[in-house]
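Since the structure comes first, as structure tokens, the remarks are kept for the end.
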Amino acid sequence: MRRSLVLPAALTAAALLVAGCSSPASTASSTSPSASASCSKASLATLSPNTLTVGTDSPAYTPYFVNNQPSNGKGFESAVTYAVAKQLGYTPSEVAWKVKHFDSIVAGNVSDVDFAINQVSITPARAKVVDFSTGYYKVNQAVIALKGGSGASATSLTALKQLKLGAETGTTSLQWINSVVQPTQTAQIYNSTNDAISALKAKQIDAIVVDLPTAFYITAAQLPNSIIVGQAKTGGETGDQFGIVLKKNSPLTSCVDQALAAMTSSGELQQITDKWLSSTAGAPYLTN
Amino acid sequence: MSDPSGPAAPLDVSGAPLSPVVPYVDPERIAKVQRKARNNITISVVSTVVFVAVLIGFIASLPGWPAVQKQFFNPTDFKASFPSVVEALWLNIRIFAVAEVLILILSLAIALVRLSRVPWMLPIRAAATGYVDFFRGTPTLLVVYLLTFGVPQLQLPHVPNSAVFWATVSLVLSYSAYVSEVFRAGITSVHPAQQAAARTLGLSNTQTMRYVVLPQAVRRVIPPLLNDFASLQKDTALVSVVGPVEAMRAAENYANVNFNYTSFIVAALLFIALSLPVARFTDRLMAKQRKKTSAGGAL
């Protein structure tokens, strides 16, 4: 009689111990390898239970989203979001989208979403006010000019220095202009990339700087009489990379990192990149 | 045409002037009035000091103040952002200096057109009314976008397409609509007896307007005009949405890179510094006008 009680008691105690170990309420770092259990849907500290709230700007630009509808799953960042959500255990219908403007995302105002994905480059200054996931795309800056226009032949940094350049406010494109190109005329700053494109059309600036995928979309669809003058190799392991933005010290950061790591090692991230950003190989590189 | 030296001296029965009557003022009353004035000044100064001290003390004691002070009132960031914001402010100053002159000219012309009663000017009068209705009803920001991004794409010959040019044009068109109404109000406020008197002297309509009505009208509406001028100084920030880097955009740029909003405080202080001379000048002008028009009696 006693033997049959000891075994179940021991098993129960062991089960309780294991359950206690995998509880997410630990104050130690939650990046232990067996913590994939703590990244399960049931234990994730999302804003609403069983819902993943994701923020992105409106309008949401192609090729990162399609038709300004993040929920249709089309577009590079939409696909990455749904893949990350699947790794975390959320079905597509459990993902809710919220409009968050780019400015407020990089300023750290992301407490009303679980995370934000909006072509946000990881920079040390931004990392002081938000948490970034590991990078999911290496970003090269690209220069766009009108065909036959004043900027079309500026294939070197020296030539770019003489031009009137434009970029969106608060972007690494603008920072690249001001710190790497250092043009002699003040770079013009616009509230959105669309405004910069209007200014290029009106010939008020010679060229605009955006990230390479956006540049391909602009030259293909928005401004067909424009060309990519060249790209700069700003992306790389230590260079410009897009990261998912979470609020500072968010409990979800390590889980999102794990999801991205799983997607990278399984090749899923590369597949998504190839599917939506396949045309981004062909632009020439700017010389010095 | 009253005698500036006061009523004529009274005469006695023989026709010789009586000696003037000098009112007697009690020296004790003079001392009392002076003492009261001194007390009032002391009380106002003490009250101001106490009020400011209490306000500063209250704010500094709030638990969130150190964090707010670091983000909005940080001396290091103040010094660091000052050069770029001041340099960009120069664009604001250039824009409103040019715009203000053009606004005054255009709005006066529109006001005179709207007040004319000459029959052959009817279509121009109707156009002027339409112009005022349209630009007072349209947000200035919209006008800036439409003109700056729209007109250069029409590729009109011999027309500049710079963003600063078209933003200034938008400001001029928008503000002239408002300021023309101010002028119109000033002109119609001049009593019609002035015009009647001018006509009896043989002045034509144009001469009446130029020598009699307009000087009085403009003098009356200087305070509202300076009010609009102060508003224009701030609205030059609208040029930033079409590309040029002016003071507010420079402040925003600094804030985006450094995550500190002290640069906006720098810009705000600079704008206040710009509009203070205008405000004090207006006050002085109004005080001078009041003294001139009233009898100036010491009450």
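Some notes on this structure:
- Within segment A:185-230, tally of residues that are in contact (Cβ under 8 Å) with a residue 40 or more places away in the chain, part of a helix (DSSP H, G or I) and more than 21 Å from A:Phe65 (Cβ to Cβ): 2
- Qualifying positions in segment B:243-259 - more than 7 Å from chain A (Cβ to nearest Cβ) and either touching a strand residue (DSSP E or B) at 6+ places or on another chain (Cβ under 8 Å) or hydrophobic (A, V, I, L, M, F, W, C) (or both): B:Ala247, B:Met248, B:Ala250, B:Ala251, B:Ala255
- Helices (runs of 4 or more DSSP H) fully within segment B:90-203 that include at least 3 residues being in contact with a Pro (Cβ under 8 Å, 6 or more places away or on another chain) and surrounded by 14 or more Cβ atoms within 10 Å (Cβ to Cβ): B:163-189.
- Of all residue pairs spaced 6 or more apart or on separate chains, those with beta-carbon atoms under 6 Å, a first member in segment A:84-99 that is at positive phi and a second member that is part of a loop (DSSP other than H, G, I, E, B) and of a type outside the set (Asp, Glu) are A:Gly89/A:Ser40.
- For the criterion of being part of a loop (DSSP other than H, G, I, E, B) and either basic (Lys, Arg) or outside the structural domain of A:Ala262 (by TED's automatic domain parsing) (or both), A:Lys86 fails.
- A:Asn225 being in the same structural domain as A:Ser78 (by TED's automatic domain parsing), touching a strand residue (DSSP E or B) at 6+ places or on another chain (Cβ under 8 Å) and not hydrophobic (A, V, I, L, M, F, W, C): no
- Criterion applied to A:Asp131, A:Asp103 was being in contact with a Ser or Thr (Cβ under 8 Å, 6 or more places away or on another chain), in a strand (DSSP E or B) and surrounded by 16 or more Cβ atoms within 10 Å (Cβ to Cβ), and the one residue passing it is A:Asp131.
- Total residues in segment A:231-240, condition touching a residue at least 12 places away in the same chain (Cβ under 8 Å) and among the hydroxyl-bearing types (Ser, Thr, Tyr): 1
- For A:Ile244, the stated conditions hold: it is closer than 25 Å to A:Tyr136 by Cβ and in contact with a Phe, Trp or Tyr (Cβ under 6 Å, 6 or more places away or on another chain).
- Matching residues in segment A:177-196 - criterion: being away from every other protein chain (no Cβ under 11 Å) and over 20 Å from A:Ser153 (Cβ atoms): A:Thr193
- Residue check for A:Gly282: at pLDDT below 90 and on the phi > 0 side of the Ramachandran plot: no
Matching residues to (1) hydrophobic (A, V, I, L, M, F, W, C); (2) farther than 30 Å from B:Ser263 by Cβ; (3) modelled with pLDDT under 85:
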residue	(1), (2), (3)
B:Ala16	yes, yes, yes
B:Val21	yes, yes, yes
B:Ala53	yes, no, no
B:Ser61	no, no, no
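- Some residue of segment A:153-161 being facing chain B (nearest Cβ under 8 Å) and either in contact with a strand residue (DSSP E or B) (Cβ under 9 Å, 6 or more places away or on another chain) or not in a helix (DSSP H, G or I) (or both): no
The values are calculated or read from the model by the stated rules, or taken from the named source; none is laboratory data. Quantities reported herein were computed from a predicted structural model and do not represent experimental measurements. All Cβ positions, glycine included, derive from the backbone under ideal geometry; neighbour counts span all protein chains shown.
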